[in-house]
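Q: Here it is, the structure, as structure tokens.
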Amino acid sequence: MQVYIEVVIINNLLINALILTLTLRFLRHRISKSSIFISSAIGTVYAIFLPLADILNLFIFKIILALLMVAIIMGRCRFKRYLVACTIFFALTFAMGGITQGLASIMSIDLQEVNSTLIPFFVGFAGLIAIFAQKLIYKYVVLARRKSRYEDFVIISANGKEVSCKAYYDSGNRLYYKNSPTIIIDRSIALQLFAQSDLNKIDDKTQIDTVTGKKNLQVITLDYLRTQDKKDKVYGVMAAISDCIRGEYKVVLHCDI
């Protein structure tokens, strides 16, 4: 079977990028497109030269390549978190390979004979299954642990500033804004992050249901959110500003965070 170099490059770039992106999703780590591209490109260059140099086929070089690719997408992070990312990367690589082989077996397709341009479609479908598995794991394992605590001290970062406050986990908060999970913060917290004049300029608003009816709340984009006792940061979170939060809790956390 004839294989064109451009097909090898595109296939490897797409497959590497998919596995790397899924690794970051499982960790809920910030996704950098440039880092993913660089890491995917390095893996693709390795795949191109692999048939030309038998020494590259040694197990140790493949391990080193994987460790390097994960290091690039993770950037500066704790060593423990990096090891977790490596574990997830290897698990996803083997899992998606197994799913791809399984799908081919079910459909009675020999992957060695199939057109190489179709391989990404098999791997892509395997990726969708992996995403579904990630959501189930996060919902029933990670969130279950957090729900058992109900409250926590969190660090909220926005506008280059950080605020520490007591937060309450609300399993009923399923608010999303622009496809991002949205927490609810007291206005006093927002004023520690932004000046009143800056808040007055915010036009983004979301509607929530309360016992007194529907309300439109201003929405700000957070730099990140993390618990006070951990350095791991959650990115891609929005915050709706409320004037009605009373008591010791100043933040209502989202059920999917």
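Q: Tell me yes or no: at least one residue of segment 211-230 is assigned to a loop (DSSP other than H, G, I, E, B), in contact (Cβ under 8 Å) with a residue 12 or more places away in the chain, over 30 Å from LYS80 (Cα atoms) and not basic (Lys, Arg).
A: no
Listed here are the residues, each with its yes/no results for (1) of a type in the set (Gly, Ala, Ser); (2) in contact with an Asp or Glu (Cβ under 8 Å, 6 or more places away or on another chain); (3) modelled with pLDDT under 70.
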site: ILE60; (1), (2), (3): no, no, no
site: LEU68; (1), (2), (3): no, no, no
site: ARG76; (1), (2), (3): no, no, no
site: TYR82; (1), (2), (3): no, no, no
site: ALA91; (1), (2), (3): yes, no, no
site: SER108; (1), (2), (3): yes, no, yes
site: ASN115; (1), (2), (3): no, no, yes
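Q: Residues of segment 151-174 being within 16 Å of TYR235 (Cα to Cα) and either free of Cβ contacts under 8 Å to residues at least 24 places away in the same chain or not in a strand (DSSP E or B) (or both), which ones?
A: Residues satisfying the conditions are ASN159, GLY160, GLU162.
Q: Anything in segment 174-206 that is over 16 Å from VAL154 (Cα atoms), surrounded by fewer than 15 Cβ atoms within 10 Å (Cβ to Cβ) and over 26 Å from the mean Cα position of the chain (by Cα)? List them, or say none.
A: LEU191, ALA195, GLN196, SER197, ASP198, ASN200, LYS201, ILE202, ASP203
Q: Name, by its number, the condition in (1) hydrophobic (A, V, I, L, M, F, W, C); (2) without any contact (Cβ under 8 Å) to a residue 60 or more places away in the chain; (3) buried (at least 18 other Cβ atoms within 10 Å of the Cβ) that does not hold for ALA239.
A: The single condition ALA239 does not satisfy is (2).
Q: Right, ILE55: surrounded by fewer than 16 Cβ atoms within 10 Å (Cβ to Cβ) and modelled with pLDDT of 85 or more or not?
A: Against the criterion (surrounded by fewer than 16 Cβ atoms within 10 Å (Cβ to Cβ) and modelled with pLDDT of 85 or more), ILE55 does not qualify.
Q: I need every pair where a residue in segment 57-75 that is under 14 Å from PHE90 (Cβ atoms) has its Cβ under 6 Å from the Cβ of a residue that is crowded, with 16+ Cβ neighbours inside 10 Å and among the charged types (D, E, K, R), sequence separation at least 6 or different chains.
A: none
Q: I'd like to know if segment 184-205 contains one or more residues that are among the hydroxyl-bearing types (Ser, Thr, Tyr), closer than 30 Å to ARG81 by Cβ and in contact (Cβ under 8 Å) with a residue 60 or more places away in the chain.
A: No, there is no match, as no residue in segment 184-205 is among the hydroxyl-bearing types (Ser, Thr, Tyr), closer than 30 Å to ARG81 by Cβ and in contact (Cβ under 8 Å) with a residue 60 or more places away in the chain.
Q: Moving on to the next point. Return the total of residues in segment 221-254 being among the hydrophobic types (A, V, I, L, M, F, W, C) and closer than 20 Å to ARG28 by Cα.
A: Adding up the residues that qualify gives 8.
Q: Regarding ILE60, is this residue more than 23 Å from VAL234 (Cα to Cα), surrounded by fewer than 16 Cβ atoms within 10 Å (Cβ to Cβ), touching a helix residue (DSSP H, G or I) at 6+ places or on another chain (Cβ under 6 Å) and not aromatic (Phe, Trp, Tyr)? Please lay out each step first, then the result.
A: Values: more than 23 Å from VAL234 (Cα to Cα): yes; surrounded by fewer than 16 Cβ atoms within 10 Å (Cβ to Cβ): yes; touching a helix residue (DSSP H, G or I) at 6+ places or on another chain (Cβ under 6 Å): no; not aromatic (Phe, Trp, Tyr): yes.
No, not satisfied.
Q: Would you check if there is a residue in segment 128-136 being loosely packed, with under 13 Cβ neighbours inside 10 Å, modelled with pLDDT of 85 or more, under 28 Å from LEU222 (Cα atoms) and not assigned by TED's automatic domain parsing to the domain that holds ARG187?
A: no
Q: Another question about this same structure. Kindly provide the set of residues from segment 15-30 that are free of Cβ contacts under 8 Å to residues at least 24 places away in the same chain and under 10 Å from the mean Cα position of the chain (by Cα), ordered by number.
A: Answer for segment 15-30, where residues must be free of Cβ contacts under 8 Å to residues at least 24 places away in the same chain and under 10 Å from the mean Cα position of the chain (by Cα): just THR21.
The values are calculated or read from the model by the stated rules, or taken from the named source; none is laboratory data. The structure presented is a predicted model; accordingly, all values stated were derived computationally and were not measured. Backbone-built Cβ (ideal geometry, glycine too); neighbour counts: all protein chains shown.
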